[in-house]
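First comes the structure, then the notes that go with it.
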Amino acid sequence: MSSSSKNNSSGGFFQNLLASLFKSSNPEADKKRKLKNIAKAFAKTKFHMFYKPNTLEVTSAFAKMMYDFYKATSQGQVFFRNSPNPNQNKQRLITYSLSENQAALLEHFDEGKIMEMSKQIPIAKLKAQIEQELLTFKGEFEGERANKIENLYKAFCLFRDFCSYDYYVLLRKFNGSLKEFSFEGSPNFDKITGDYIVDNIKDFIDVAFPITDETIVWSDLFEFFQQTTGKELVSQGNWKKIIARIRSIQATRTFDMMIQMISQDPSYVSEYQTSVESLLDPYVDSLTSETISLVNKISEQQKESKANNICLQIFGTASPQSLSHYVPSFNEQMVKKNLDQILYAEPLNYLKSFLVEYLKRDIREFYDVVVIRGQWDSSLSAPMSNAYQELLTVSDSITAFDDSFAEEGAMGMKIKTLLPKTGHDNSAISIINRVISDANDAAKGFILTSSQNLVTIGKTIKQLIEDYSLSKPVLVQNWKELEKYIEQPMKDFSVGIYKKIYLFVQLMQQYLTQSD
(Lines give C-alpha, C1' and ligand atoms only; values in the text may rest on other atoms or scores of the structure.)
Protein backbone atom coordinates (compact mmCIF):
# COMPACT_ATOMS: atom_id res chain seq x y z
CA MET A 1 0.00 0.00 0.00
CA SER A 2 1.40 3.51 -0.93
CA SER A 3 2.10 6.17 1.76
CA SER A 4 -0.62 8.30 0.15
CA SER A 5 -3.12 5.51 0.63
CA LYS A 6 -2.00 5.04 4.23
CA ASN A 7 -2.46 8.75 4.97
CA ASN A 8 -5.93 8.76 3.45
CA SER A 9 -6.84 5.64 5.35
CA SER A 10 -5.48 7.00 8.61
CA GLY A 11 -7.12 10.37 8.04
CA GLY A 12 -10.46 8.72 7.40
CA PHE A 13 -10.13 6.56 10.49
CA PHE A 14 -9.32 9.48 12.79
CA GLN A 15 -11.99 11.65 11.25
CA ASN A 16 -14.60 8.93 11.86
CA LEU A 17 -13.32 8.42 15.40
CA LEU A 18 -13.52 12.15 16.16
CA ALA A 19 -16.98 12.35 14.58
CA SER A 20 -18.12 9.45 16.73
CA LEU A 21 -16.74 11.04 19.89
CA PHE A 22 -18.27 14.36 18.96
CA LYS A 23 -21.63 12.70 18.35
CA SER A 24 -21.70 10.86 21.65
CA SER A 25 -20.63 13.90 23.63
CA ASN A 26 -23.08 16.28 21.89
CA PRO A 27 -26.45 14.47 21.58
CA GLU A 28 -28.33 17.77 21.36
CA ALA A 29 -26.20 18.90 18.42
CA ASP A 30 -26.74 15.54 16.74
CA LYS A 31 -30.50 15.85 17.28
CA LYS A 32 -30.54 19.34 15.74
CA ARG A 33 -28.55 18.07 12.78
CA LYS A 34 -31.04 15.24 12.20
CA LEU A 35 -34.02 17.57 12.52
CA LYS A 36 -32.40 19.95 10.07
CA ASN A 37 -31.96 17.11 7.58
CA ILE A 38 -35.59 16.08 8.14
CA ALA A 39 -36.71 19.65 7.43
CA LYS A 40 -34.68 19.65 4.18
CA ALA A 41 -36.21 16.33 3.14
CA PHE A 42 -39.69 17.54 4.04
CA ALA A 43 -39.22 20.70 1.96
CA LYS A 44 -38.71 18.50 -1.10
CA THR A 45 -42.02 16.62 -0.71
CA LYS A 46 -45.19 17.60 -2.54
CA PHE A 47 -46.82 18.21 0.84
CA HIS A 48 -44.23 20.68 2.14
CA MET A 49 -46.93 23.35 2.39
CA PHE A 50 -48.56 21.45 5.35
CA TYR A 51 -45.95 22.57 7.88
CA LYS A 52 -43.52 25.44 8.44
CA PRO A 53 -40.44 24.13 10.29
CA ASN A 54 -39.15 27.63 11.04
CA THR A 55 -42.29 28.70 12.92
CA LEU A 56 -43.36 25.16 14.06
CA GLU A 57 -46.81 25.75 12.57
CA VAL A 58 -49.26 23.49 10.75
CA THR A 59 -50.80 25.42 7.90
CA SER A 60 -54.25 25.94 6.45
CA ALA A 61 -53.29 23.63 3.54
CA PHE A 62 -53.26 20.69 5.94
CA ALA A 63 -56.61 21.80 7.38
CA LYS A 64 -58.05 22.12 3.87
CA MET A 65 -57.11 18.52 3.06
CA MET A 66 -58.70 17.29 6.31
CA TYR A 67 -61.80 19.36 5.53
CA ASP A 68 -62.05 17.65 2.13
CA PHE A 69 -61.89 14.25 3.88
CA TYR A 70 -64.51 15.43 6.38
CA LYS A 71 -66.87 16.57 3.64
CA ALA A 72 -66.39 13.45 1.49
CA THR A 73 -67.09 11.09 4.41
CA SER A 74 -69.87 13.08 6.10
CA GLN A 75 -72.67 10.68 5.05
CA GLY A 76 -70.59 7.79 6.33
CA GLN A 77 -70.02 9.57 9.65
CA VAL A 78 -73.76 10.09 10.12
CA PHE A 79 -74.49 6.47 9.21
CA PHE A 80 -72.01 5.03 11.69
CA ARG A 81 -73.02 7.51 14.37
CA ASN A 82 -76.63 6.32 14.02
CA SER A 83 -75.69 2.63 14.08
CA PRO A 84 -73.11 2.36 16.86
CA ASN A 85 -73.89 -1.26 17.78
CA PRO A 86 -71.00 -3.34 16.37
CA ASN A 87 -72.93 -6.60 16.73
CA GLN A 88 -75.77 -5.18 14.67
CA ASN A 89 -73.35 -4.24 11.90
CA LYS A 90 -71.73 -7.67 12.03
CA GLN A 91 -75.14 -9.30 11.72
CA ARG A 92 -75.90 -7.16 8.67
CA LEU A 93 -72.71 -8.33 7.02
CA ILE A 94 -73.41 -11.96 7.89
CA THR A 95 -77.00 -11.81 6.65
CA TYR A 96 -75.86 -10.13 3.43
CA SER A 97 -73.26 -12.86 2.87
CA LEU A 98 -75.52 -15.89 3.45
CA SER A 99 -76.31 -18.26 0.63
CA GLU A 100 -79.96 -19.14 0.01
CA ASN A 101 -79.44 -22.49 1.71
CA GLN A 102 -77.81 -20.87 4.73
CA ALA A 103 -80.62 -18.33 5.01
CA ALA A 104 -83.13 -21.19 5.07
CA LEU A 105 -81.08 -23.12 7.64
CA LEU A 106 -80.73 -20.04 9.84
CA GLU A 107 -84.50 -19.98 10.28
CA HIS A 108 -84.24 -23.46 11.83
CA PHE A 109 -81.89 -22.12 14.49
CA ASP A 110 -84.39 -19.51 15.67
CA GLU A 111 -85.47 -20.12 19.27
CA GLY A 112 -89.16 -20.00 18.45
CA LYS A 113 -88.71 -22.45 15.56
CA ILE A 114 -86.72 -24.89 17.69
CA MET A 115 -89.33 -24.70 20.45
CA GLU A 116 -92.03 -25.43 17.88
CA MET A 117 -90.11 -28.37 16.38
CA SER A 118 -89.41 -29.81 19.85
CA LYS A 119 -93.15 -30.30 20.27
CA GLN A 120 -93.35 -32.31 17.05
CA ILE A 121 -90.03 -34.20 16.94
CA PRO A 122 -88.44 -36.36 19.66
CA ILE A 123 -85.70 -34.29 21.28
CA ALA A 124 -82.92 -36.78 20.46
CA LYS A 125 -83.88 -36.73 16.78
CA LEU A 126 -84.20 -32.93 16.82
CA LYS A 127 -80.75 -32.56 18.36
CA ALA A 128 -79.19 -34.80 15.70
CA GLN A 129 -80.98 -32.84 12.97
CA ILE A 130 -79.86 -29.46 14.35
CA GLU A 131 -76.25 -30.61 14.73
CA GLN A 132 -76.19 -31.80 11.11
CA GLU A 133 -77.72 -28.54 9.89
CA LEU A 134 -75.13 -26.56 11.85
CA LEU A 135 -72.36 -28.54 10.16
CA THR A 136 -73.90 -27.82 6.75
CA PHE A 137 -74.29 -24.14 7.62
CA LYS A 138 -70.67 -23.87 8.74
CA GLY A 139 -69.43 -25.88 5.75
CA GLU A 140 -70.61 -23.21 3.32
CA PHE A 141 -68.41 -20.65 5.14
CA GLU A 142 -65.16 -22.20 3.98
CA GLY A 143 -62.47 -21.70 1.35
CA GLU A 144 -62.52 -18.78 -1.07
CA ARG A 145 -66.01 -17.73 0.01
CA ALA A 146 -64.87 -17.37 3.61
CA ASN A 147 -61.89 -15.28 2.51
CA LYS A 148 -64.17 -12.98 0.52
CA ILE A 149 -66.48 -12.45 3.50
CA GLU A 150 -63.57 -11.78 5.87
CA ASN A 151 -62.15 -9.30 3.34
CA LEU A 152 -65.53 -7.56 3.17
CA TYR A 153 -65.61 -7.28 6.96
CA LYS A 154 -62.07 -5.92 7.03
CA ALA A 155 -62.99 -3.32 4.40
CA PHE A 156 -66.06 -2.40 6.46
CA CYS A 157 -64.00 -1.92 9.65
CA LEU A 158 -61.31 0.19 7.96
CA PHE A 159 -63.92 2.28 6.16
CA ARG A 160 -65.91 2.77 9.38
CA ASP A 161 -62.82 3.83 11.33
CA PHE A 162 -61.77 6.32 8.65
CA CYS A 163 -65.24 7.86 8.42
CA SER A 164 -65.66 7.95 12.19
CA TYR A 165 -62.47 9.93 12.80
CA ASP A 166 -63.37 13.18 14.62
CA TYR A 167 -62.54 15.59 11.81
CA TYR A 168 -64.76 18.27 13.30
CA VAL A 169 -62.83 18.48 16.58
CA LEU A 170 -59.56 18.74 14.66
CA LEU A 171 -60.83 21.38 12.24
CA ARG A 172 -62.30 23.51 15.04
CA LYS A 173 -58.73 24.11 16.13
CA PHE A 174 -58.11 25.83 12.79
CA ASN A 175 -61.47 27.60 12.69
CA GLY A 176 -63.41 28.05 15.93
CA SER A 177 -66.59 29.20 14.15
CA LEU A 178 -66.90 26.06 12.01
CA LYS A 179 -70.33 24.37 12.27
CA GLU A 180 -70.63 20.61 12.28
CA PHE A 181 -71.77 19.05 8.97
CA SER A 182 -72.15 22.48 7.39
CA PHE A 183 -70.47 22.45 3.97
CA GLU A 184 -71.76 25.65 2.39
CA GLY A 185 -68.95 27.76 0.96
CA SER A 186 -65.25 27.33 1.62
CA PRO A 187 -64.28 28.03 5.25
CA ASN A 188 -61.07 29.82 6.08
CA PHE A 189 -58.50 28.12 8.27
CA ASP A 190 -55.75 29.65 10.36
CA LYS A 191 -52.32 28.15 10.81
CA ILE A 192 -51.73 26.81 14.32
CA THR A 193 -48.84 25.60 16.46
CA GLY A 194 -48.01 21.98 15.71
CA ASP A 195 -48.02 20.92 19.38
CA TYR A 196 -51.73 21.69 19.45
CA ILE A 197 -52.63 18.89 17.02
CA VAL A 198 -49.72 16.44 17.05
CA ASP A 199 -51.84 13.82 18.86
CA ASN A 200 -54.65 14.36 16.35
CA ILE A 201 -52.24 13.58 13.51
CA LYS A 202 -51.11 10.38 15.27
CA ASP A 203 -54.74 9.33 15.73
CA PHE A 204 -55.43 10.04 12.07
CA ILE A 205 -52.51 7.84 11.02
CA ASP A 206 -54.15 4.96 12.91
CA VAL A 207 -57.30 5.16 10.77
CA ALA A 208 -55.85 6.50 7.51
CA PHE A 209 -52.82 4.37 6.71
CA PRO A 210 -54.65 0.99 6.95
CA ILE A 211 -57.02 1.91 4.07
CA THR A 212 -54.09 1.73 1.62
CA ASP A 213 -54.00 -2.07 2.09
CA GLU A 214 -53.88 -3.38 -1.49
CA THR A 215 -55.62 -6.66 -0.61
CA ILE A 216 -58.90 -4.88 0.11
CA VAL A 217 -61.59 -5.18 -2.58
CA TRP A 218 -63.42 -1.90 -1.99
CA SER A 219 -65.96 -2.52 -4.75
CA ASP A 220 -67.44 -5.38 -2.67
CA LEU A 221 -67.98 -3.01 0.26
CA PHE A 222 -69.65 -0.35 -1.89
CA GLU A 223 -71.91 -3.03 -3.37
CA PHE A 224 -72.83 -4.08 0.19
CA PHE A 225 -73.79 -0.52 1.12
CA GLN A 226 -75.75 -0.10 -2.12
CA GLN A 227 -77.69 -3.31 -1.48
CA THR A 228 -78.37 -2.70 2.22
CA THR A 229 -78.77 1.09 2.43
CA GLY A 230 -79.67 1.98 -1.15
CA LYS A 231 -76.85 4.52 -1.45
CA GLU A 232 -73.12 5.11 -1.41
CA LEU A 233 -71.90 6.49 1.88
CA VAL A 234 -68.89 7.92 0.04
CA SER A 235 -68.75 8.12 -3.73
CA GLN A 236 -66.34 5.55 -5.15
CA GLY A 237 -64.59 8.29 -7.07
CA ASN A 238 -63.93 10.32 -3.92
CA TRP A 239 -62.86 7.21 -2.05
CA LYS A 240 -60.27 6.37 -4.70
CA LYS A 241 -58.91 9.92 -4.50
CA ILE A 242 -58.70 9.69 -0.69
CA ILE A 243 -56.77 6.42 -0.85
CA ALA A 244 -54.43 7.85 -3.49
CA ARG A 245 -53.77 10.90 -1.31
CA ILE A 246 -53.10 8.82 1.82
CA ARG A 247 -50.86 6.46 -0.15
CA SER A 248 -48.83 9.42 -1.40
CA ILE A 249 -48.51 10.79 2.14
CA GLN A 250 -47.27 7.37 3.28
CA ALA A 251 -44.76 7.10 0.46
CA THR A 252 -43.28 10.53 1.18
CA ARG A 253 -43.36 9.96 4.95
CA THR A 254 -45.01 13.38 5.23
CA PHE A 255 -46.83 12.77 8.54
CA ASP A 256 -43.84 11.03 10.11
CA MET A 257 -41.60 13.98 9.31
CA MET A 258 -44.18 16.49 10.53
CA ILE A 259 -44.48 14.66 13.87
CA GLN A 260 -40.69 14.34 14.12
CA MET A 261 -40.31 18.11 13.68
CA ILE A 262 -43.27 19.07 15.90
CA SER A 263 -42.23 16.78 18.76
CA GLN A 264 -38.50 17.39 18.15
CA ASP A 265 -38.04 13.62 18.07
CA PRO A 266 -36.10 12.52 14.96
CA SER A 267 -36.48 8.85 15.93
CA TYR A 268 -40.29 8.85 15.74
CA VAL A 269 -41.77 6.27 13.36
CA SER A 270 -45.53 5.87 12.97
CA GLU A 271 -47.07 2.50 13.83
CA TYR A 272 -50.57 1.28 13.02
CA GLN A 273 -52.62 -1.93 12.95
CA THR A 274 -54.03 -3.35 9.73
CA SER A 275 -55.28 -6.67 11.13
CA VAL A 276 -58.99 -7.07 11.92
CA GLU A 277 -60.55 -9.79 14.03
CA SER A 278 -62.35 -12.62 12.25
CA LEU A 279 -66.05 -12.15 11.54
CA LEU A 280 -67.00 -15.74 10.74
CA ASP A 281 -65.28 -17.80 13.45
CA PRO A 282 -66.82 -16.00 16.46
CA TYR A 283 -70.20 -15.86 14.72
CA VAL A 284 -70.32 -19.55 13.83
CA ASP A 285 -68.96 -20.58 17.25
CA SER A 286 -71.54 -18.41 19.01
CA LEU A 287 -74.41 -19.62 16.80
CA THR A 288 -73.41 -23.25 17.34
CA SER A 289 -73.00 -22.84 21.09
CA GLU A 290 -76.25 -20.94 21.58
CA THR A 291 -78.25 -23.30 19.38
CA ILE A 292 -76.94 -26.48 21.00
CA SER A 293 -77.41 -24.94 24.45
CA LEU A 294 -81.01 -24.14 23.56
CA VAL A 295 -81.67 -27.71 22.41
CA ASN A 296 -80.02 -29.07 25.57
CA LYS A 297 -82.08 -26.68 27.68
CA ILE A 298 -85.29 -27.90 26.03
CA SER A 299 -84.13 -31.48 26.53
CA GLU A 300 -83.53 -30.81 30.23
CA GLN A 301 -86.88 -29.09 30.57
CA GLN A 302 -88.64 -31.99 28.86
CA LYS A 303 -86.79 -34.48 31.01
CA GLU A 304 -87.58 -32.53 34.17
CA SER A 305 -91.21 -32.16 33.15
CA LYS A 306 -91.47 -35.84 32.36
CA ALA A 307 -89.64 -36.76 35.58
CA ASN A 308 -91.92 -34.51 37.62
CA ASN A 309 -94.98 -36.00 35.95
CA ILE A 310 -93.81 -39.56 36.60
CA CYS A 311 -92.87 -38.75 40.21
CA LEU A 312 -96.32 -37.27 40.77
CA GLN A 313 -97.92 -40.46 39.45
CA ILE A 314 -95.68 -42.70 41.54
CA PHE A 315 -95.08 -40.77 44.75
CA GLY A 316 -97.78 -38.10 44.72
CA THR A 317 -95.05 -35.43 44.77
CA ALA A 318 -92.55 -34.14 42.19
CA SER A 319 -89.69 -34.17 44.68
CA PRO A 320 -89.59 -37.19 47.00
CA GLN A 321 -86.70 -37.05 49.49
CA SER A 322 -84.85 -40.08 50.80
CA LEU A 323 -81.11 -39.30 50.70
CA SER A 324 -79.33 -36.98 53.10
CA HIS A 325 -75.77 -36.54 51.83
CA TYR A 326 -75.44 -37.66 48.18
CA VAL A 327 -77.62 -34.74 47.10
CA PRO A 328 -77.38 -31.95 44.45
CA SER A 329 -76.28 -29.35 47.02
CA PHE A 330 -73.10 -31.38 47.58
CA ASN A 331 -71.86 -30.03 44.24
CA GLU A 332 -71.77 -26.42 45.42
CA GLN A 333 -68.38 -26.86 47.07
CA MET A 334 -67.10 -28.81 44.05
CA VAL A 335 -68.09 -26.08 41.58
CA LYS A 336 -66.26 -23.44 43.64
CA LYS A 337 -63.05 -25.47 43.38
CA ASN A 338 -63.61 -26.42 39.71
CA LEU A 339 -63.71 -30.12 40.66
CA ASP A 340 -65.72 -33.02 39.25
CA GLN A 341 -69.32 -33.27 40.43
CA ILE A 342 -71.69 -36.04 41.51
CA LEU A 343 -73.98 -36.94 38.61
CA TYR A 344 -76.74 -39.21 39.89
CA ALA A 345 -78.05 -37.52 43.04
CA GLU A 346 -81.52 -37.00 41.59
CA PRO A 347 -82.20 -40.48 40.13
CA LEU A 348 -80.57 -42.23 43.10
CA ASN A 349 -82.87 -40.29 45.41
CA TYR A 350 -85.86 -41.43 43.33
CA LEU A 351 -84.60 -45.00 43.41
CA LYS A 352 -84.19 -45.08 47.18
CA SER A 353 -87.65 -43.57 47.60
CA PHE A 354 -89.15 -46.21 45.30
CA LEU A 355 -87.39 -49.04 47.09
CA VAL A 356 -88.59 -47.76 50.48
CA GLU A 357 -92.17 -46.95 49.48
CA TYR A 358 -92.95 -49.73 46.98
CA LEU A 359 -90.40 -52.51 47.17
CA LYS A 360 -90.76 -52.83 50.94
CA ARG A 361 -94.52 -52.32 50.88
CA ASP A 362 -96.61 -53.23 47.81
CA ILE A 363 -94.03 -55.39 46.01
CA ARG A 364 -93.15 -57.15 49.27
CA GLU A 365 -96.84 -57.85 49.90
CA PHE A 366 -97.21 -59.24 46.36
CA TYR A 367 -94.03 -61.28 46.79
CA ASP A 368 -95.07 -62.71 50.15
CA VAL A 369 -98.48 -63.73 48.85
CA VAL A 370 -97.91 -64.79 45.23
CA VAL A 371 -94.30 -66.01 45.25
CA ILE A 372 -94.17 -67.54 48.75
CA ARG A 373 -97.74 -68.88 49.01
CA GLY A 374 -98.41 -69.41 45.32
CA GLN A 375 -98.37 -72.86 43.83
CA TRP A 376 -96.35 -72.50 40.65
CA ASP A 377 -93.17 -73.78 39.07
CA SER A 378 -90.12 -72.58 41.03
CA SER A 379 -88.14 -72.25 37.79
CA LEU A 380 -90.61 -69.54 36.76
CA SER A 381 -90.71 -67.79 40.10
CA ALA A 382 -86.93 -67.92 40.72
CA PRO A 383 -86.00 -64.90 38.50
CA MET A 384 -88.51 -62.71 40.30
CA SER A 385 -87.40 -64.01 43.69
CA ASN A 386 -83.73 -63.35 42.92
CA ALA A 387 -84.51 -59.88 41.55
CA TYR A 388 -86.50 -59.03 44.69
CA GLN A 389 -83.68 -60.15 47.00
CA GLU A 390 -81.12 -58.17 44.99
CA LEU A 391 -83.24 -55.05 45.28
CA LEU A 392 -83.38 -55.42 49.06
CA THR A 393 -79.59 -55.63 49.08
CA VAL A 394 -79.26 -52.59 46.80
CA SER A 395 -81.54 -50.60 49.09
CA ASP A 396 -79.26 -51.26 52.03
CA SER A 397 -76.18 -50.50 49.91
CA ILE A 398 -77.62 -47.13 48.86
CA THR A 399 -78.17 -46.23 52.51
CA ALA A 400 -74.55 -47.07 53.31
CA PHE A 401 -73.38 -45.21 50.20
CA ASP A 402 -75.34 -42.11 51.19
CA ASP A 403 -73.95 -42.27 54.74
CA SER A 404 -70.41 -42.43 53.38
CA PHE A 405 -70.92 -38.89 51.99
CA ALA A 406 -71.68 -37.48 55.42
CA GLU A 407 -68.93 -35.29 56.93
CA GLU A 408 -67.92 -38.15 59.22
CA GLY A 409 -68.37 -40.77 56.47
CA ALA A 410 -65.44 -42.34 54.60
CA MET A 411 -65.79 -40.36 51.38
CA GLY A 412 -67.16 -37.23 53.02
CA MET A 413 -64.27 -37.07 55.46
CA LYS A 414 -61.70 -37.63 52.71
CA ILE A 415 -63.15 -34.86 50.55
CA LYS A 416 -63.49 -32.48 53.50
CA THR A 417 -59.83 -33.07 54.41
CA LEU A 418 -58.52 -32.60 50.86
CA LEU A 419 -60.63 -29.62 49.73
CA PRO A 420 -58.46 -26.96 51.46
CA LYS A 421 -55.38 -28.40 49.76
CA THR A 422 -56.69 -28.18 46.18
CA GLY A 423 -55.44 -24.62 45.76
CA HIS A 424 -51.80 -25.72 45.91
CA ASP A 425 -51.76 -29.50 45.66
CA ASN A 426 -52.63 -31.17 42.36
CA SER A 427 -52.58 -34.60 43.97
CA ALA A 428 -55.47 -33.49 46.24
CA ILE A 429 -57.46 -32.54 43.13
CA SER A 430 -56.72 -35.91 41.51
CA ILE A 431 -57.75 -37.85 44.62
CA ILE A 432 -61.03 -35.95 45.02
CA ASN A 433 -61.89 -36.34 41.33
CA ARG A 434 -61.14 -40.05 41.56
CA VAL A 435 -63.36 -40.41 44.64
CA ILE A 436 -66.19 -38.60 42.84
CA SER A 437 -65.68 -40.67 39.69
CA ASP A 438 -65.83 -43.92 41.69
CA ALA A 439 -68.93 -42.67 43.52
CA ASN A 440 -70.65 -41.83 40.23
CA ASP A 441 -69.83 -45.28 38.89
CA ALA A 442 -71.26 -46.86 42.05
CA ALA A 443 -74.44 -44.74 41.88
CA LYS A 444 -74.91 -45.59 38.22
CA GLY A 445 -74.39 -49.25 39.09
CA PHE A 446 -77.17 -49.11 41.70
CA ILE A 447 -79.54 -47.54 39.17
CA LEU A 448 -78.65 -49.94 36.36
CA THR A 449 -78.86 -53.06 38.53
CA SER A 450 -82.14 -51.96 40.11
CA SER A 451 -83.66 -51.11 36.73
CA GLN A 452 -82.77 -54.54 35.37
CA ASN A 453 -84.24 -56.28 38.42
CA LEU A 454 -87.40 -54.18 38.29
CA VAL A 455 -87.78 -55.07 34.61
CA THR A 456 -87.53 -58.76 35.57
CA ILE A 457 -90.16 -58.33 38.28
CA GLY A 458 -92.38 -56.30 35.97
CA LYS A 459 -92.24 -58.89 33.19
CA THR A 460 -93.10 -61.66 35.65
CA ILE A 461 -96.00 -59.70 37.12
CA LYS A 462 -97.30 -59.02 33.60
CA GLN A 463 -97.26 -62.78 32.89
CA LEU A 464 -99.04 -63.43 36.17
CA ILE A 465 -101.73 -60.82 35.39
CA GLU A 466 -102.34 -62.55 32.05
CA ASP A 467 -102.42 -65.92 33.80
CA TYR A 468 -104.87 -64.69 36.42
CA SER A 469 -107.22 -63.49 33.67
CA LEU A 470 -107.42 -66.98 32.11
CA SER A 471 -110.44 -69.11 32.88
CA LYS A 472 -107.99 -71.91 33.62
CA PRO A 473 -104.68 -70.42 34.92
CA VAL A 474 -101.51 -72.15 33.77
CA LEU A 475 -98.77 -70.61 35.93
CA VAL A 476 -100.38 -70.32 39.38
CA GLN A 477 -102.76 -73.03 40.49
CA ASN A 478 -104.20 -71.43 43.63
CA TRP A 479 -105.19 -67.90 42.65
CA LYS A 480 -108.51 -68.16 44.49
CA GLU A 481 -106.78 -69.13 47.71
CA LEU A 482 -104.28 -66.28 47.41
CA GLU A 483 -107.00 -63.64 47.01
CA LYS A 484 -107.96 -63.85 50.68
CA TYR A 485 -104.51 -62.52 51.66
CA ILE A 486 -104.95 -59.33 49.61
CA GLU A 487 -107.35 -56.65 50.77
CA GLN A 488 -108.11 -55.35 47.27
CA PRO A 489 -108.91 -57.35 44.12
CA MET A 490 -105.85 -59.34 43.02
CA LYS A 491 -105.92 -58.07 39.45
CA ASP A 492 -106.21 -54.40 40.46
CA PHE A 493 -103.43 -54.84 42.98
CA SER A 494 -101.15 -56.56 40.44
CA VAL A 495 -101.88 -54.05 37.66
CA GLY A 496 -101.18 -51.14 40.05
CA ILE A 497 -97.74 -52.54 40.94
CA TYR A 498 -96.92 -53.27 37.28
CA LYS A 499 -97.80 -49.70 36.25
CA LYS A 500 -95.67 -48.22 39.02
CA ILE A 501 -92.70 -50.39 38.00
CA TYR A 502 -93.18 -49.52 34.32
CA LEU A 503 -93.29 -45.79 35.08
CA PHE A 504 -90.29 -45.97 37.37
CA VAL A 505 -88.13 -47.85 34.87
CA GLN A 506 -89.02 -45.18 32.30
CA LEU A 507 -87.86 -42.53 34.77
CA MET A 508 -84.54 -44.27 35.37
CA GLN A 509 -84.03 -44.85 31.65
CA GLN A 510 -83.93 -41.08 31.09
CA TYR A 511 -80.87 -40.74 33.31
CA LEU A 512 -79.14 -43.87 32.04
CA THR A 513 -79.60 -42.78 28.41
CA GLN A 514 -78.28 -39.29 29.20
CA SER A 515 -75.07 -40.68 30.74
CA ASP A 516 -74.24 -43.08 27.89
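Annotations for the structure displayed:
- The orientation-averaged projection of the convex hull spanning the C-alpha atoms of the range 55-208 amounts to 13.1 square nanometres.
- Nearest-0.05 FRET efficiency for residue 250 and residue 172, computed from C-beta distance (R0 35 Å): 0.85
- The range 395-503: relative contact order as a whole-number percent, Cα under 8 Å and 6+ apart: 17 percent
- By the Cα gyration tensor, the range 120-163 has an equivalent ellipsoid whose semi-axes, rounded to whole angstrom, run 36, 13, 5 from largest to smallest.
- ³J(HN,Hα) computed for each position of the range 281-287 - Karplus, 6.51 cos²θ - 1.76 cosθ + 1.60, integer Hz, glycine/proline x: 4, x, 5, 5, 4, 5, 4
- Anchor residue 337: aspartates and glutamates whose Cα lies under 17 Å away (excluding residues fewer than 8 positions away in-chain): 425
- Volume per residue of the C-alpha convex hull in the range 234-354, rounded to whole Å³: 244 Å³
- Using only side-chain charges placed at the Cβ, +1 for Lys and Arg and -1 for Asp and Glu, the dipole size of the chain relative to its Cα centre rounds to 2460 debye.
- Modelled spin-label separation between residue 145 and residue 219, with each label point placed 7 Å from Cα along the Cα-to-Cβ direction: 2.2 nm.
- Sequence of 371, 169 when ordered by accessible area, the most exposed leading, probe 1.4 angstrom: 169, 371
- Straight Cα distances below 22 angstrom link residue 34 to the lysines 23, 44, 46, 52, 202, with same-chain residues fewer than 8 positions distant left out.
- Exceedance of the 23 Å cut-off in Cα-Cα distance is limited, within the set 352/459; 306/360; 40/71; 125/303; 459/491, to 306/360; 40/71.
- Between residue 379 and residue 313, the FRET efficiency estimated from the beta carbon spacing at R0 = 41 angstrom works out to 0.75.
- Full extension of the chain between residue 40 and residue 232 gives 65.0 nm of extra length, using 0.36 nm per residue less the Cα-Cα distance.
- Sites listed here are GluC sites (Glu not before Pro) in the range 213-315 whose DSSP assignment is loop and whose Cβ has at most 14 other Cβ atoms within 10 Å: 214, 271, 277.
- Charged neighbours of residue 289, selected by a Cβ distance under 13 Å, balance to -2 (K, R count +1; D, E count -1).
- Per residue accessible area in Å² of the chain, where ligands, DNA and RNA are left out and the probe is 1.4 Å: 54 Å²
- Approximate shape of the range 166-238 as ellipsoid semi-axes (Cα gyration tensor, √5λ), whole Å, largest first: 30, 19, 9
- Overall, the ratio between the Cα radius of gyration of the chain and 2.2 N^0.38 Å, rounded to two decimals, is 1.73.
- Annotation note: GluC sites (Glu not before Pro) in the range 405-491 located in DSSP loop regions with a Cβ neighbour count of at most 14 within 10 Å are 407, 408, 487.
- Candidate aspartates and glutamates - alpha carbon under 15 Å from residue 32, same-chain residues fewer than 8 apart omitted: 265
- For residue 81, the shell of other residues with beta-carbons less than 14 Å away shows a net charge of -2, using +1 for Lys and Arg and -1 for Asp and Glu.
- Kirkwood hydrodynamic radius over Cα pairs of the range 338-441, then Stokes diffusion coefficient at 4 °C and 1.567 mPa s, in µm²/s: 79 µm²/s
- Once the convex hull of all Cα atoms in the range 19-93 is built, its volume per residue stands at 201 Å³.
- Computed per residue of the chain from DSSP H runs no shorter than four, each worth -39500 (n - 2.57), the mean residue ellipticity at 222 nm is -22000 deg cm²/dmol.
- Across 173/241; 191/240; 414/500, pairs whose alpha-carbon gap is larger than 32 Å: 414/500
- Note on the range 462-503: along the principal axes its Cα atoms extend 30, 21, 12 Å, ordered by decreasing extent.
- Cβ-Cβ distance of residue 414 and residue 273, R₀ of 30 Å, FRET efficiency by 1/(1 + (r/R0)^6): the value works out to about 0.05.
- Radius ratio Rg over Rh of the range 136-269, counting only Cα atoms, Kirkwood formula for Rh: 1.05
- Shape box of the range 431-478 [Cα atoms, principal axes, largest first, Å]: 62, 13, 9
- Ordering of 26-37, 338-349, 259-270 by packing is 338-349, 259-270, 26-37, highest average first (other Cβ atoms within 10 Å, averaged per residue).
The values are calculated or read from the model by the stated rules, or taken from the named source; none is laboratory data. All figures in this text were calculated on a predicted structure; none of them were measured in a lab. In this analysis, Cβ positions are derived from the backbone assuming ideal geometry, glycine residues included, and neighbour counts consider all displayed protein chains. Please note that ligands, DNA and RNA were not included when accessible areas were found on the heavy atoms of the full protein model with its side chains. Shrake-Rupley method; radii C 1.70, N 1.55, O 1.52, S 1.80 Å.
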